[in-house]
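Single-structure report; data block below.
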Amino acid sequence: MANKFISIEGIAKRFPAAGGGITTVFEDLWLPMQRGDFTCIIGHSGCGKTTVLNILAGLDEPSTGTVIVDNQAIEGPSLDRAVIFQTHALLPWRSVMGNVAYAVSSKWRKWKTPRVRERAQKFIDLVGLTGAEGKRPAELSGGMKQRVGIARALSIEPKIMLMDEPFSALDALTRGTLQDEVRRICQETGQTVFMITHDVDEAIYLADRIVLMTNGPGAVLAEVVENPLPKERVRTEVHKHPLYYPVRNHIIDFLISRSKTFVHETRGTYDPRNIAVVRPGAAPTVATETNVLRLGQVQGHAATH
Amino acid sequence: MTRSLTLRAAVVSILIFATFMVAWHLATRGTGAVAQMDPEYAKLMGATATQGKSAMPGPLDVGGKLWEHLKRPFYDNGPNDKGLGIQLAFSIARVTGGYLLAVLFAIPIGFLIGMSPLMNKALDPFIQVLKPISPLAWMPLALYTIKDSSLSSIFVIFICSLWPMMINTAFGVASVRREWLNVAKTLEVGTFRRAFTIILPAAAPTILTGMRISIGIAWLVIVAAEMLVGGTGIGYFVWNEWNNLSIVNVINAILLIGVVGMLLDLILARLTRLVTFPE
C-alpha cells in the first residue's frame with residue numbers, strides 16, 4: 001500500500017513475568033491504515049488492544065517496533081491524535097464548556113477566551129449538548145459524558161481519532177444514537193479513526209475495515225476484514241443487507257474458535273507483514289458448491305444496491 | 001424528616017447540657033465543714049476554709065465571669081491583666097503566621113514528593129524521623145537560635161502544621177487519576193500548566209483535608225507553646241490564671257479555646273467544600 005497514512009511497523013509489547021521470564025502480550029504487529037479510514041479492532045480481553053491504542057496515542061511505548069503517522073515516527077502523545085477514553089476521562093471540576101475549552105486552549109495557546117469559547121461551543125452544538133454547557137460531568141448521563149469526550153476530541157482538529165471502547169459503558173439505546181452521530185461526524189469531516197470494540201455489530205456498522213486479533217499472550221493480527229457493506233448505511237436497515245450476516249458470522253466464528261487456534265494453525269505460513277485481507281461474501285475462503293452458489297446470489301443482490 | 005431529626009437532636013443536646021449544668025451546680029453548691037479559727041487568721045484564708053464553700057466554682061460563677069469577659073474583651077491593664085479578646089488575638093495571630101508559613105513550604109514540597117518517585121524515596125526517611133517529634137521539643141532549639149519567644153512559638157506552629165499538609169499534598173498529587181493525566185498528555189499540556197490545571201484541582205480536596213488536620217494540631221499546640229514561653233496569648237492566660245488560682249478564669253479560657261478551635265475547623269471545612277468536586 002503506497003498511500004498509507006498510519007503504519008504500525010512490527011510493534012511488540014513484552015514485560016517481565018512474575019516468576020521470571022518474559023510475557024509477550026502481542027508480537028510483531030504490522031498494519032497500514034489509509035487517510036479517512038475507519039478501522040475497528042476486535043479481539044478478546046487481554047490480547048493487548050488497548051496497549052496498541054495507547055501506543056498509537058503515544059501514551060505507551062512498544063518494546064520493539066515503531067508507528068509512523070503521516071511519514072513521521074511518533075514520539076509521545078500529540079494533539080494530532082485525539083483519544084476518546086472508555087471512561088470519558090472528563091475533568092470533574094470543569095463544566096462541559098470548561099472541558100472542551102481546555103482542549104481548545106491547549107491546541108491554540110494564544111487564543112483569547114471568547115475565541116476559545118466560540119470554538120468549544122461549535123463542537124458542543126455538534127454533539128447535541130447545546131444548553132448543557134454549564135453542567136458539571138457529575139450532572140450528566142453516561143451518554144452525555146461521552147458526547148463531551150467526543151466534542152473534546154473533535155474540537156482540536158485531530159488527524160486521527162483513537163477510541164477505546166467508547167460506547168461500551170452505555171445502554172443500547174444511547175449507544176445506537178451515539179454510533180449514528182460518530183458515523184455522521186466522521187463522514188462529514190473525513191476523520192481517520194482507529195477504534196477498539198467488543199461489539200461485532202458496532203464494528204460492522206461503523207468500520208470500513210475490521211482487524212481481528214488473536215488471543216493473548218503472544219497475540220497477532222489474524223486478518224483484516226474488509227467491510228463489504230456500502231458506505232451509506234442506515235442503522236435500521238443495515239442488518240437486512242444480504243452481506244451483513246456473512247460478515248457477522250465470519251467475525252463471530254473467529255472470536256469463538258479461530259482466535260484461539262489461529263497461531264497454531266498458521267504456523268509456518270503466517271506472514272505478519274502481509275496479513276490476509278478477506279471480504280466475507282465476496283471471496284469465500286472455503287469454497288463449497290452451495291457456498292459459492294449462495295454467495296453468488298448474494299453478490300448479485302449486492303450489485304443492485 | 002431531616003428537619004425533625006435536627007430538631008430532635010437539638011432537644012437531646014439541650015437536655016444533656018441542662019443535666020450537666022444542674023449536676024455541676026448541685027455538686028459545687030454544698031458547704032463543707034468549717035474549721036474554727038482565729039478571726040485574724042481567717043482573714044488570710046479563702047472562703048473554702050472560712051465558709052465551707054466548694055473550691056470548684058459553680059456554673060453561675062463561671063457564667064458571670066464569662067459575661068464580664070465578653071463585655072470587655074479588649075481591655076489592657078498591663079502585662080498580667082489583658083482582656084481575653086487580646087489574648088485570643090495574640091494566639092490566633094501566631095497560629096495564622098506559623099500556619100501560612102507552613103502552607104508555603106508544605107504544598108510545594110508535597111507536590112515535589114507526589115510528582116517525583118525519586119524525591120519521594122529520598123525525602124521519606126527525613127519525614128519519617130521528623131514527623132513524630134513533639135513540636136514542643138523544638139522549643140529550646142528555637143529559643144536558642146531565634147532568640148525571640150513569640151517568633152519561637154510561631155516556629156513551633158510552623159513545624160507542627162507542616163507534616164499533615166505535606167503528606168496529604170504528596171498523597172493527593174500522587175493519586176491523581178491516570179486518565180486525567182493522560183488527557184493532559186494527549187493535549188500536549190506542559191508540566192507547569194499540568195500542575196496547575198490538572199493536578200492542583202484534582203488533589204485540592206486531599207490537600208485541604210491535610211490543611212484542616214494541620215489547623216487543628218496548630219491550635220492544640222499553641223496553648224502549650226504559650227504556656228512555655230509566656231508573655232501573651234490564651235495559653236499564657238490559662239497558666240497565669242492557674243498561678244492566680246482563678247479556676248473560674250481557667251474554665252472560661254478552656255471554653256473559649258474550644259470555641260475558637262471549632263471556628264477554625266469550620267473555616268477549613270468550608271474551604272474544603274469549595275474545592276471538592278462531585279464525581
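The values are calculated or read from the model by the stated rules, or taken from the named source; none is laboratory data. The model shown is predicted, which means the values in this text are computed figures rather than measured ones. Backbone-built Cβ (ideal geometry, glycine too); neighbour counts: all protein chains shown.
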Go through (1) out of contact with any Lys or Arg (no Cβ under 9 Å at 6 or more places or on another chain); (2) within 14 Å of chain A (Cβ to nearest Cβ); (3) assigned to a loop (DSSP other than H, G, I, E, B) for B:Pro278 and report which single condition fails.
(1)
B:Lys147 meets each of (1) in contact with a helix residue (DSSP H, G or I) (Cβ under 9 Å, 6 or more places away or on another chain); (2) more than 14 Å from every other protein chain (Cβ to nearest Cβ); (3) over 23 Å from B:Leu123 (Cα atoms) with one exception, condition (1)
Among (1) assigned by TED's automatic domain parsing to the domain that holds A:Asp37; (2) modelled with pLDDT under 90; (3) not in a helix (DSSP H, G or I), there is one condition A:Thr177 misses while meeting the rest; what is its number?
(3)
In this structure, is B:Ile213 surrounded by 17 or more Cβ atoms within 10 Å (Cβ to Cβ), away from chain A (no Cβ under 13 Å) and touching a residue at least 24 places away in the same chain (Cβ under 8 Å)?
yes
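Please find, among A:Gly143, A:Gly149, the residue that is modelled with pLDDT under 90, of a type in the set (Gly, Ala, Ser) and not in a loop (DSSP other than H, G, I, E, B).
Numbers: A:Gly149 fails: modelled with pLDDT under 90.
Matching residue, one of A:Gly143, A:Gly149: A:Gly143.
Somewhere in the range A:58-65, is a residue within 9 Å of chain B (Cβ to nearest Cβ), at pLDDT 90 or above and buried (at least 23 other Cβ atoms within 10 Å of the Cβ)?
no
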Quick one: which residue in A:Arg136, A:Arg109, A:Arg175 is within 11 Å of chain B (Cβ to nearest Cβ), more than 25 Å from B:Thr276 (Cβ to Cβ) and without any contact (Cβ under 8 Å) to a residue 60 or more places away in the chain?
A:Arg109
Do any residues in the range A:80-95 that are more than 8 Å from every other protein chain (Cβ to nearest Cβ) have Cβ atoms under 6 Å from those of residues that are surrounded by fewer than 22 Cβ atoms within 10 Å (Cβ to Cβ) and part of a strand (DSSP E or B), where the two are at least six apart or on different chains, and which pairs are they?
A:Gln86/A:Asp164
Scan the range B:54-74 and give yes if some residue there is over 28 Å from the mean Cα position of the chain (by Cα) and of a type in the set (Ser, Thr, Tyr), otherwise no.
yes
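Test of understanding: among A:Gly19, A:Gly10, which residue is outside any strand (DSSP E or B) and surrounded by fewer than 22 Cβ atoms within 10 Å (Cβ to Cβ)? So that I can check it myself, show each step before the final result.
Working: A:Gly10 fails: outside any strand (DSSP E or B).
Exactly one residue qualifies, and that residue is A:Gly19.
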